[in-house]
Structures are given as structure tokens and as C-alpha cells.
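Comments concern the structure below.
The values are calculated or read from the model by the stated rules, or taken from the named source; none is laboratory data. Note that the structure is predicted; figures quoted are calculated from it, not measured. Note that each Cβ is placed from the backbone with ideal geometry, even for glycine, and that neighbours are counted across all protein chains shown.
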Amino acid sequence: MRRLALLLSLAALAPAAAQEIDAERIRAHTRFLASDLLEGRGVGSRGELLATEYLATQLALIGAKPAGDMGTFFQRVPLVGVETQPTATLSAAGKTGGLSYKWLEDFVGVTQQQNPNAAFDAEAVFVGHGITAPEFGWDDYKGIDVTGKVVVLFTNEPPSTDPNFFGGRALTYYGRWTYKYEQAIRKGAVACLIIHTTPTAGYGWDVVRSSWGREDFQVKAEGPQLAFAGWISTEGGGRLAKLAGKTLDELLRAADSRGFKAFPLGIRIKGSIPSKIRQIETRNVVGKIPGSDETLKDEAVIFSAHWDHLGVGRPVNGDAIYNGAVDNATGCAIVLEIARAWASLEHKPKRSALFLFVTAEESGLRGSEYYARKPVVSAGKTALAVNFDAFYPFGRTRDVVVNGAERTTVWPVVQNVAKRLRLEIKPDPRPEQGTYYRSDHFSFAKAGIPAFSVSMGTQFEGKPVDFGNTVFQEYNSKNYHQPSDEYREDWDFSGLEEIAKFGFLIGADAAALPTWRPNDEFLPARKKSGVN
């Protein structure tokens, strides 16, 4: 009976959703949000004000209720802006000599101490991948004290094809740069330097430079913090390895080996990190459409996307505006169109819907983390969070990716919706990129909320079989976090329309309050929120 009721409810909603959700409206939102007028939607900038006012106005026009602070659509998010100055220096000295690095060319990063004159001069210790994972019998910090020292490491994690060992091919949170810095702090290090390689990071040095060579947005520092959280280029890492009497390949092979033991490099690393510090009040945008059921309307489904991008930065081919058309004007446009379709339904879904546009995703999911700490609807009353982040407007795909949905009790709903829309659910095509831990749904998951991002697949209708992978590789290597991520009039938004319908129908289901499946890493947080 439950399955029949589900299918009937979806059957009733599908025609309305199909009629209301429109590709050209998604195009119009994307065009505006990615325009030069918004100056790359940088946090704490004029572009932020324009982007967030636009999003709030669109929510107001469809009749959504303000769900932010003091009766507005805005949730205040206090952050500290930290911008490393070009005069920053980094050098290393060993028994055989010394070397120095150039800002942007060889190294980038930021102080987490929020000190305008952070500095360090300490012994360097190579800690492999910088992972402590007792469940996998792995501890890169075993037997060594790094208190007050500089830890040098690679991002990513030990290679594996065993799903029971670091998730097999899929990158776990242990492989993310955010974890590396967090663990370095826990171990008492004064600074943490990640040696960049394209295979271990999943993207080139230009991405690191454009992402880290600008103002960083942090929550107010509490407790010990790193004097410097930074990256060294591949070439710079090779020079550091040589100074230590090693090669970069030798260091990486050691880091990947079972039984790895951290060791001093016989080098002292010195850094002077002058920084411009400012207090920022950025904001999330949030609107609410109440549900139709007197009881279930106290619960909510979240549809989210991050509005921010990288603002105005280092010019590339004379262009300094990082427009962020794919990343993430497209996701914001999809959520706006879902909201409009939701508001237009004569008979609303039983639960309420929150349409959430978060700030500072590009600085480490700051806006979604803040919302998770100060939610409009408590985590225990939030049924689901469906996130939308970066879509390629090149037409429809025959497949869809919902990485993480299979970990939740919403999975049967996701499968049924995909079947109705004739979409084949495909696994994450690039599990080694650790996609699940790189977007805003991760913040909600840590709070216990069943959460995942919806992504397009790779099998584009009417295109060659390898078209999807080809355009991804081209975008990732040429346009990701670059000024060239710009809107184009020849884009085909029909695939984004399909994704909007897919997400709409998943969120509209009125199943029992979802949770995580047994033994999932986020299930304890769900239980803590009051959902068994």
C-alpha cells in the first residue's frame, strides 16, 4: 500500500512539475547571476549584495515567505576575511643549502590565526597523507610528536580498490584538504604544507592558485590554529624533496605504503605571512513555502545551492572576473525554478520547503556550516537536503548521479523518480575526486540530515558516447575556478530542466521522516537530532 500511495502521489505531482519547470527560465537566471555586473559574486563585495538581493527578490515574487533574520530573506553569517599579502615569504634550509619560494608561482595559502603578522620557523616533518584512521589501521602520525613543527604532506589518501579500505576508489573525507589542516591542528603543528600534484589533488595548480591566492573567509578563530595552511606547487615540492635528499616520487610512494612512518626531513621551514584582516557580515538567502499538512508542515525539505564564486582576482588573458557560470549560477537557477514551480502548485506537498542559497562555499562550505549550526528548521525536523552544484548546459542526459542518496532511506524514492523520468542512475563517475565531501550537502549530513547533491550524468542525448567525459575534462582543466567559466548564449538548458524536475519530485514525497541506513557514518548524528 505504501508503494502504491507513493506512486500515486508522484503521478499527481509530475504533470504539474513538468508543466511549470522551464529551461528558459533557468537560462535567464543563469545569465544574470553570471554576468560581469555581479563581478564574480565575491563574498563581502558589491557582487554579493547584487546576487543576494536578486535571489531574495525572486523568492518574494513567487510568494515565498522570508525565513531569515528579523523577518527578512537573509541569514547573517559573520566571518573573518583573511587576505595574504603579496609580500608573503616562504623558505627552507637544510644541511646542503636552502631555497625560497615565490608567492602564487610556488606557494599559496593563508594563516588561520587571523593575525596580520603571522610567522613561523620550525622543523619540517613529512607525515605522508596526514591521516589518522583507526578503523582502517592507519596512522600517519604514529610515533612522532609534531607539536610546534611544520607538517608536509600530500592530499588524497592511500590508493585502494577494496571498498572496506578507505572506500576503495572513492575518496573519503580523510583525503580532503580540509581534513589535513584539521588534523594538523589537532596534532599541534604550527603550519601545514600540502605538496600539490594534479593526480593527488584532482585539479591543476592554476585551480589551487586561483582558489587560495585571494581573500579567505573563516569563522572566528577559537583555540589553536595554524600559522599557515598552504600549498606548494609540484615543482616546489620537488625542490623541497631534493633538499631533503629525496625525490617527490619517493615521498609519494612512501606515503602510499602500508606501515608508513613519519620522519623529519632534516629541514627548517620559515614563513612570514602578512595578511589583511577584516570583519565581514555575509549572508545566506532563505525562503520558505509552508506545507499543506497541519502536522508535517513543521518539518521541511531543503533545496540548496551556493551563490558565491571567486569575485575579481588575478587576470587571465586580460579577464579578472571569475563569473562562476557553471559553478554555481546554474545551481542557483535550478533552485529558483524549483521554488517557482513549488509555489505555483494548487495543492502543496505536505512538508514545508526551504529554498536556501548559501555563502562562502568556495572557502570551505562556511555558509552551509553556519546554517547547520543555526537552522531555520531543526535538523531533527528536516527530512532531507537536496543540493545543486555546477551543471553543464549542453543538453539532456539519459542518466543522473545522486552520490550519497543510496546511503539514506530516501533511496527508494530516488529510484522511483528516476524511473518515472526515464533516467538511469549511474554511480559517481569520478569517485576518486571525493565529490561527496566537497559541496554543501556535506555540512547538512554532518548535522545528521539525510543529504546529497543531484548531478547530471555523462550520456548526453544525441552526442557521442564520450562527449560527457570530454566536456568534463575540458571544463576541469580549462574553466574550473577560472575567468573563462562564463555564460554562453549557445548553451542548451534542457538538461537542467530535467534535473530540476528530478529534484522537485524527490523533495515532494511525503514518506516517513528519512534517516541514514544502518552503520552509516552520519547515523549517530541523526539519532542525536532525535530521529531513530
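Observations on the model:
- Checked against the criterion of being among the aliphatic types (A, V, I, L, M) and either surrounded by fewer than 23 Cβ atoms within 10 Å (Cβ to Cβ) or within 25 Å of the chain's Cα centre (by Cα) (or both), the candidates Ala92, Ala64, Ala88, Ala133 yield just one match: Ala133.
- Annotation note: of Thr147, Thr155, Thr161, the sole residue that is hydroxyl-bearing (Ser, Thr, Tyr) and touching a Phe, Trp or Tyr at 6+ places or on another chain (Cβ under 7 Å) is Thr155.
- Filter pass, Val219 being in contact with a Lys or Arg (Cβ under 7 Å, 6 or more places away or on another chain), touching a residue at least 40 places away in the same chain (Cβ under 8 Å) and among the β-branched types (Val, Ile, Thr): yes
- Qualifying residue in region 161-171 (condition: closer than 28 Å to Gln433 by Cβ, among the polar types (S, T, N, Q), at pLDDT below 95 and part of a loop (DSSP other than H, G, I, E, B)): yes
- Any hit, region 508-519, residues being surrounded by 22 or more Cβ atoms within 10 Å (Cβ to Cβ), closer than 30 Å to Pro375 by Cα and either at pLDDT 95 or above or of a type in the set (Val, Ile, Thr) (or both): yes
- When region 473-494 is limited to residues that are part of a helix (DSSP H, G or I) and either at pLDDT 95 or above or basic (Lys, Arg) (or both), the one that is nearest to Ile321 (Cα to Cα) turns out to be Lys478.
- Among the residues making up region 340-376, those that are aliphatic (A, V, I, L, M) and within 21 Å of Leu49 (Cβ to Cβ) are Leu356, Val358, Ala360.
- Only residues that are touching a Ser or Thr at 6+ places or on another chain (Cβ under 8 Å) and free of Cβ contacts under 8 Å to residues at least 60 places away in the same chain were counted in region 55-102, giving 1.
- Residue pairs whose Cβ atoms lie under 8 Å apart, separated by 6 or more positions or on different chains, with the first residue in region 415-443 and touching a residue at least 24 places away in the same chain (Cβ under 8 Å) and the second in a helix (DSSP H, G or I) and acidic (Asp, Glu), are Leu421/Glu498; Leu423/Glu498; Ser439/Glu361; Asp440/Glu361; Ser443/Glu369.
- Set Ala512, Ala525: member being among the small types (Gly, Ala, Ser) and either touching a Cys at 6+ places or on another chain (Cβ under 7 Å) or not in a loop (DSSP other than H, G, I, E, B) (or both): Ala525
- Arg420 passes every criterion in (1) surrounded by 18 or more Cβ atoms within 10 Å (Cβ to Cβ); (2) modelled with pLDDT under 95 apart from (1).
- Of all residue pairs spaced 6 or more apart or on separate chains, those with beta-carbon atoms under 7 Å, a first member in region 295-323 that is at positive phi and buried (at least 23 other Cβ atoms within 10 Å of the Cβ) and a second member that is charged (D, E, K, R) and not in a strand (DSSP E or B) are Gly311/Glu39; Gly311/Arg41.
- Count of region 179-199 residues, restricted to those that are farther than 28 Å from Pro315 by Cβ and hydroxyl-bearing (Ser, Thr, Tyr), is 2.
- Thr458 vs. criteria surrounded by 16 or more Cβ atoms within 10 Å (Cβ to Cβ) and closer than 30 Å to Phe166 by Cβ: yes
- Inter-residue pairs, beta-carbon under 6 Å, first in contact (Cβ under 8 Å) with a residue 24 or more places away in the chain and in region 481-503, second of a type in the set (Phe, Trp, Tyr) and assigned to a loop (DSSP other than H, G, I, E, B), 6+ apart: Leu496/Phe391
- Check on Asp399, modelled with pLDDT under 95 and surrounded by fewer than 20 Cβ atoms within 10 Å (Cβ to Cβ): no
- Close contacts from region 184-195, counting a first residue that is under 12 Å from Ile131 (Cα atoms) and a second that is not in a loop (DSSP other than H, G, I, E, B), with Cβ to Cβ under 6 Å and a gap of 6+ residues or different chains, come to Ala184/Val151; Ala184/Cys192.
- Subset of region 261-294 [surrounded by 15 or more Cβ atoms within 10 Å (Cβ to Cβ), under 30 Å from the mean Cα position of the chain (by Cα) and not β-branched (Val, Ile, Thr)]: Ala262, Gly271, Ser272, Pro274, Ser275, Arg283, Asn284, Gly287, Lys288, Gly291
- The number of residues in region 463-472 being at pLDDT 90 or above and among the β-branched types (Val, Ile, Thr) comes to 2.
- From the options Thr178, Thr172, Thr147, Thr155, residue that is β-branched (Val, Ile, Thr), over 18 Å from the mean Cα position of the chain (by Cα) and in the same structural domain as Asp216 (by TED's automatic domain parsing): Thr147
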